[in-house]
Amino acid sequence: MSHDTDGIRLTPHAAEHPAVFAAAFNSGDPAVLEQVYEPNAVFVKPDGTRVVGEDRRAANTEFQGLGVGIEVRVRNVHEYEDLALLIVDWAIRGTTAQGSAIDLCGTATDVARRGTDGLWRYIIDSPLGIDTAGPEHSPAT
């Protein structure tokens, strides 16, 4: 069973959360995409910079601005109580809004938490997982 939250359906199943993310991303609406995150969730940019809040939204908006949908394939899900480690292969392939061909892909290493409402949201979104550049231990900005 999923729950509608202003256009996106959050899920009580951790393994389904990447698909919820993809649907939110593919909506093209940054406000819809923000719903798959907890308010203080961390997004790890490709250069290794960790961002939260409006900076997280801006980083995701940049990806959404390409105008190409994302496809996801869950590789592994490891749950413990209200936490889940999600290893997810993803791809953004096609023609951008500017008319350029794009072929981005990676394997995300993400952490989600089940909220008090029983629904999953990201607390750490690291799209490039171990391929992320940058500092090993830096606080979110």
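The values are calculated or read from the model by the stated rules, or taken from the named source; none is laboratory data. All values reported here derive from a predicted model rather than from experimental measurement. For neighbour counting, all protein chains shown are included, and Cβ atoms are generated from backbone atoms with ideal geometry for every residue, glycine included.
Can you report the number of residues in the range 17-33 which are touching a helix residue (DSSP H, G or I) at 6+ places or on another chain (Cβ under 9 Å) and β-branched (Val, Ile, Thr)? Residues in the range 17-33 being touching a helix residue (DSSP H, G or I) at 6+ places or on another chain (Cβ under 9 Å) and β-branched (Val, Ile, Thr): 1 in total. Taking the range 80-104 as the range and being over 18 Å from residue 25 (Cα atoms), surrounded by 11 or more Cβ atoms within 10 Å (Cβ to Cβ) and among the acidic types (Asp, Glu) as the test, only 82 passes.
From the list 54, 38, the lone residue that is touching a residue at least 24 places away in the same chain (Cβ under 8 Å), over 16 Å from residue 127 (Cβ atoms) and of a type in the set (D, E, K, R) is 38.
Number of residues in the range 76-135 that are small (Gly, Ala, Ser) and over 24 Å from residue 11 (Cβ atoms) equals 7.
Looking across the range 19-68 at every residue that is part of a loop (DSSP other than H, G, I, E, B), more than 12 Å from the chain's Cα centre (by Cα) and of a type in the set (A, V, I, L, M, F, W, C), the one that is surrounded by the most Cβ atoms within 10 Å (Cβ to Cβ) is identified as 68.
With respect to the conditions (1) in contact with a strand residue (DSSP E or B) (Cβ under 7 Å, 6 or more places away or on another chain); (2) within 21 Å of residue 93 (Cα to Cα); (3) at pLDDT 95 or above; (4) among the aliphatic types (A, V, I, L, M), residue 33 lacks only one, and its number is (1).
Being touching a His at 6+ places or on another chain (Cβ under 9 Å) and modelled with pLDDT of 95 or more is a property that does not hold for residue 51. On the given criteria, is residue 74 out of contact with any Asp or Glu (no Cβ under 6 Å at 6 or more places or on another chain) and crowded, with 20+ Cβ neighbours inside 10 Å? No: the conditions fail for residue 74. Can you name the residue in the range 88-113 that is among the hydroxyl-bearing types (Ser, Thr, Tyr) and not in a strand (DSSP E or B) and is also nearest to residue 50 (Cα to Cα) among such residues? Among those residues, the one meeting the criterion is 96. Quick check on residue 12: is it within 26 Å of residue 94 (Cβ to Cβ), touching a residue at least 60 places away in the same chain (Cβ under 8 Å) and in a loop (DSSP other than H, G, I, E, B)? No; evaluated as a whole, the condition is false for this residue.
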